[in-house]
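Note sheet for the following structure.
The values are calculated or read from the model by the stated rules, or taken from the named source; none is laboratory data. Treat the numbers as computed from the prediction; the structure is a model and nothing was measured. Reconstructed Cβ throughout: ideal geometry from the backbone, glycine too, with neighbour counts over all protein chains shown. For the accessible areas, the whole protein counts, side chains as well, though only heavy atoms, and no ligand, DNA or RNA atoms are used. Shrake-Rupley method; radii C 1.70, N 1.55, O 1.52, S 1.80 Å.
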Amino acid sequence: MADLEIENTTSEVKDTKAEILAMRSLQRNTTASMIDSGGFGAALGFIGYSTVLPTLALALSNSEPFVGFITTIWMGLWLLPQLPAGRRLAGRAYNKPPLLKAAFFSRLSLAFFAIALALNLNTTALAILLPITLIVFRGLDAVAAVAWFDVISKMFPPHVRGKILGWTQSSAFMAQFVSAFVVAWALGVSGPVYPYNYALLMGLAAVCVMLSWVAMTFYREPRSEAVSNPLAQLRLRDHVGHILKTDRAFRLNAIGRILIGGIGFATPFYVVQATQVLDVSTDTIGLFLIAQTIGGVASSLTLGPISQKRGSHIVMRATMILGLIPPLLALLLYLFAQDNAPLATIGTALIFVAMGATDGSFLLGFLQHVLDIAPPGQRTAYTGLSNTIGGLTVIAPTIGGLLLQATSFPALFIVTMLAPLAGLLVVMRIPKVIRDA
């Protein structure tokens, strides 16, 4: 009897120690992920894919299709490589090593482009280097992202993942909020002259992404059982067909992703309309970035708990509704605010609030749903395929630029509105996922 009591006591002590270690690992991983997301979020604020990059591309080329092309690279080189990366990384016991390797070399590219800007190379050289930089940065980061999703899904159990992802996204958007003030100064009349203003912003982005990389080195990734990866043995077409045919929830998610990607038709052109049609001062670009980060923080803090309690399918519906707001507001501003700069400024700021809210909802909706439905050992395959399918829409900004060149801003915004409207009808059919505790 005494031996049994001793065994029970020993077992309880071991369980208590295991719980303490698990709690410490969770706290460490949460802190590291918030620093990781904060650093990366600050960098995205300095780069400003919907604000800074379009104006830089326009300054280098004076071409609307080139602006759209740069945005296409930004989106496409992050999404399209993820299918092969996901197939390769699926079933591994640890994905932290490939995460750190790909992320490190990806982020060096920003430092090189910042140096090129600081050296004030000729416009043609910079126009060539800009897409090359984005190809390297976003392409390698795509590989890192697949590994990151797998590491995150293992570090944070399903019953806390939605809440923690909401926190980490909030830290990212709050960091963007701070960087937005630097952008406002750098691109304003009191900031450095061109191209040193953009060199400063790119340099700060490079520093921040390396801070993010250092934070990732502190991740404690739980070991997962190395499993066979039968999908990787299939031909690419068969692999895609197998998942799409056998998983209805994934199929609806994928269709929704393609449709929400249609908002990219107009993404780089809201700031172009504001500065070239509505006579809004370029000094307000920083304000728009601030507005975008406010929207992101608000949606992360609001939709994180909703995703946790009510399900990611609800957040996907919210994403579609939020995605409808920017083109609708832009159309109204074109019709009614061309002679009213204050109204145009406020209205455009609201557009960027909605854009930030849409961005902030995406991880908590579409990608959280993929993590929820992915079979054990296939998270990287599922997330890679999901993001690659989303990559089918990366041509949207370039098409938007051509459409704008051939027609008008109202035509562009009307076409853009059709995408989230159709997407809402699709995601309404996605049922709630029953999560494990």
Criterion first (out of contact with any helix residue (DSSP H, G or I) (no Cβ under 6 Å at 6 or more places or on another chain) and crowded, with 22+ Cβ neighbours inside 10 Å) does His369 satisfy it? no
Among helices (runs of 4 or more DSSP H) entirely inside region 333-403, those with 3 or more residues being within 30 Å of Leu278 (Cβ to Cβ) and of a type outside the set (A, V, I, L, M) are 341-362
Qualifying residues in region 281-315 (those that are closer than 19 Å to Ala172 by Cα and touching an Asp or Glu at 6+ places or on another chain (Cβ under 9 Å)) - the one surrounded by the fewest Cβ atoms within 10 Å (Cβ to Cβ): Gly295
Going through region 238-280 one residue at a time, which ones are within 24 Å of the chain's Cα centre (by Cα), surrounded by fewer than 19 Cβ atoms within 10 Å (Cβ to Cβ) and among the charged types (D, E, K, R)? Arg251
Just name the residue that is least open to solvent (accessible area, probe 1.4 Å) out of those in region 330-366 that are under 27 Å from the mean Cα position of the chain (by Cα) and without any contact (Cβ under 8 Å) to a residue 40 or more places away in the chain. Gly347
Which residue, of Val315, Val297, is modelled with pLDDT of 90 or more and part of a helix (DSSP H, G or I)? Val315
Here the residues within region 66-90 that are under 21 Å from Ala127 (Cβ atoms) and open to solvent by less than 30 Å² (accessible area, probe 1.4 Å) are Val67, Gly68, Ile70, Thr71, Thr72, Ile73, Trp74, Gly76
If the Cβ limit is 7 Å and pairs must be 6+ apart or interchain, which residue in region 237-264 that is among the charged types (D, E, K, R) pairs with which residue that is surrounded by fewer than 22 Cβ atoms within 10 Å (Cβ to Cβ)? Asp247/Ile373; Arg251/Leu244
Checked region 359-398 for anything β-branched (Val, Ile, Thr) and under 22 Å from Ala249 (Cβ atoms); matches are Val370, Ile373, Thr380, Thr383, Thr388, Ile389, Thr393
Within region 91-108, restricting to residues that are open to solvent by 10 Å² or more (accessible area, probe 1.4 Å) and of a type in the set (Gly, Ala, Ser), the one that is nearest to the chain's Cα centre (by Cα) is Ala102
